[in-house]
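The block underneath contains the structure these notes are about, expressed in structure tokens.
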Amino acid sequence: MTRSNPSPRDEDINLTLRLLARERELAEARRRSKERGQQFGPGVSGVEVEEVKGEPNIGIEMAGNQREAGATQARNLNDAAAEEKAPRTMGYYMAPLPVDIQSPILHPPVAANNFEIKPALVTMIQNNALFHGHSTESPREHVQRFLELVGSLKINGMSAEASQLRLFPYSLSRKALRWLNNRPPRSITSWDDLLNNFMTRYCPTSKMAEWRKKITHFEQEEDETLRDAWERYSDYFL
């Protein structure tokens, strides 16, 4: 049965064997160099022996680095194993796991790398176009107010669609914001996607049928002026 992962001790043994083989090769090289020096003169012998003498130092230095790296890896493995075997407290198992939170909106690239969404802009949107997700709120009216606000602004290097996608989450609160954050990560790739998702959630077919029924059977109430009746009628189209 073979082992797929050699231990640090095996690596040290293999390294020692390679060093011994290298020493034998160097000894043989010195012997041949000495013989050539006797044949061709001491000048040649001195050069070749000097070159050969430099090689063991390189080999020993490399071997030392490899041995040190192997020892460091072994210490890291031992530390990790000891930490894994350490007794766990109840607090360890009750601690929440780290979650990689990603935005449901895939934002388009921005030409400028120094764009800034100022706090005053966020405050203005939240004061004038904030949607909580209640049944009494009109999603159409919310989108209309939001587009009017964003249309009057310009952020450096951002297209109109990029601004809408960046700022729309600031116009949501409570249930509506939780709904958006629960969408699949990076599943919304355009303003049309965001608008369709929002209207499908807060303006479903059942509500559309209810509004259609009210429009069809609309009547002016007693003691209601024509102006008030018209405003109430117009609200069904928001």
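Taking amide H as placed 1.01 Å from N in the peptide plane, the amide H of LEU172 sits under 5 Å from that of PHE131, each at least 5 places away or on another chain. The fraction of all Cα pairs in the stretch 116-170 landing in successive 5 Å bins from 0 to the largest distance is 4, 19, 33, 25, 12, 6, 2, 0, given as whole percents.
If the chain linking ASN197 and GLU210 were pulled fully straight, counting 0.36 nm for each residue of separation and taking away their Cα-Cα distance, it would gain 2.7 nm. Rounded to the nearest 0.05, the FRET efficiency derived from the C-beta distance between GLU137 and LEU106 at R0 = 25 Å is 0.40. Between ARG31 and ARG227, the distance separating the two model label sites (each 7 Å from Cα on the Cα→Cβ line) works out to 11.9 nm.
Across q = 0.14, 0.16, 0.24, 0.26 Å⁻¹, the stretch 98-190 modelled as identical point scatterers on its alpha-carbon atoms has Debye log10 I(q)/I(0) values of -0.54, -0.71, -1.39, -1.46, in the order of the q list. Compute for the stretch 94-135: radius of gyration divided by Kirkwood radius, i.e. Rg/Rh, restricted to C-alpha atoms, rounded to two decimals. When Rh is taken as the Kirkwood radius, the ratio is 1.11. This model, with +1 at the C-beta of Lys and Arg and -1 at the C-beta of Asp and Glu, gives the stretch 161-238 a dipole about its Cα centre of some 800 debye.
Sorted fewest first by neighbouring Cβ atoms within 10 angstrom, LYS118, LYS175 come out as LYS118, LYS175.
Each reported figure results from applying straightforward, stated rules to the coordinates on display, with no laboratory input. None of these values were measured; they are calculated from a predicted model. Methodologically, a virtual Cβ is constructed for each residue, glycine included, from the backbone with ideal geometry; neighbour enumeration extends over all protein chains shown.
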